[in-house]
Amino acid sequence: MAPWQDRPYFFDLGLRFACIRCGRCCTGEPGTVYVAAGEIGPIAAYLNLPPAKLIADQLYPFQDSFSLRETAAGDCVFFDGGCRIYPVRPRQCRRYPFWFSNLRSRYKWHQAAAQCPGIGQGPLHTREEILAIVRETF
């Protein structure tokens, strides 16, 4: 059996995506947004907060680091008509929609596209770029 990176995928010719900052991936259903230890400092600095205050007010312990808190409605605490930390948002946010769960099949990609108006727009991301993003998440 060929390694996963050598097999054919529905996105072999690439996929178009451009974030239009609509917030659909930041609001609604609850979820976990992992914040790596190395991401805490840049987010805190961007918000002009001490890291301890950021952790106490907007994060909660998750695995070996933290996750972003959410409102009761499931919205990210940093979404307020737009992402308040967009330039320093966590890697998980930066990698959307190229998450393994969305790339498992053409059907899953179309499900994601039904929720995300940026899918199908903007630059063409090559198969190699997409697989590199997926590799980073393992």
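Structure data summary
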{"read-out": "Candidate set: the stretch 73-121, residues that are more than 26 Å from Tyr9 (Cβ to Cβ) and of a type in the set (Lys, Arg); chosen: the one surrounded by the fewest Cβ atoms within 10 Å (Cβ to Cβ)", "value": "Arg84"}
{"read-out": "Phe100 vs. criteria hydrophobic (A, V, I, L, M, F, W, C) and under 12 Å from the mean Cα position of the chain (by Cα)", "value": "yes"}
{"read-out": "Failed item, numbered, when Ile133 is tested on (1) open to solvent by 40 Å² or more (accessible area, probe 1.4 Å); (2) modelled with pLDDT under 95; (3) aliphatic (A, V, I, L, M); (4) part of a helix (DSSP H, G or I)", "value": "(1)"}
{"read-out": "Residue pairs meeting the criteria (Cβ under 8 Å; at least 6 apart or on separate chains; first touching a residue at least 24 places away in the same chain (Cβ under 8 Å), in the stretch 4-32; second among the basic types (Lys, Arg))", "value": "Gln5/Arg135; Tyr9/Arg127; Phe10/Arg106; Phe11/Arg127; Asp12/Arg127; Leu13/Arg127; Gly14/Arg127"}
{"read-out": "Evaluation of Ala36 against (1) within 24 Å of His125 (Cβ to Cβ); (2) open to solvent by less than 70 Å² (accessible area, probe 1.4 Å); (3) out of contact with any Ser or Thr (no Cβ under 6 Å at 6 or more places or on another chain) (one fails), failing number", "value": "(3)"}
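For every residue, the table says whether it meets (1) part of a loop (DSSP other than H, G, I, E, B); (2) modelled with pLDDT under 95; (3) open to solvent by less than 30 Å² (accessible area, probe 1.4 Å); (4) of a type in the set (A, V, I, L, M, F, W, C).
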residue	(1), (2), (3), (4)
Ile40	no, no, yes, yes
Ala44	no, no, yes, yes
Ala56	no, no, no, yes
Pro61	no, no, no, no
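The values are calculated or read from the model by the stated rules, or taken from the named source; none is laboratory data. Here the structure is a predicted model, which is why all the values come from computation and not from measurement. Using ideal geometry, Cβ is built from the backbone for each residue, glycine included, and neighbour counts are taken over all protein chains shown. Remember, those area values only see protein heavy atoms, side chains included, never the ligands or the DNA or RNA. Shrake-Rupley method; radii C 1.70, N 1.55, O 1.52, S 1.80 Å.
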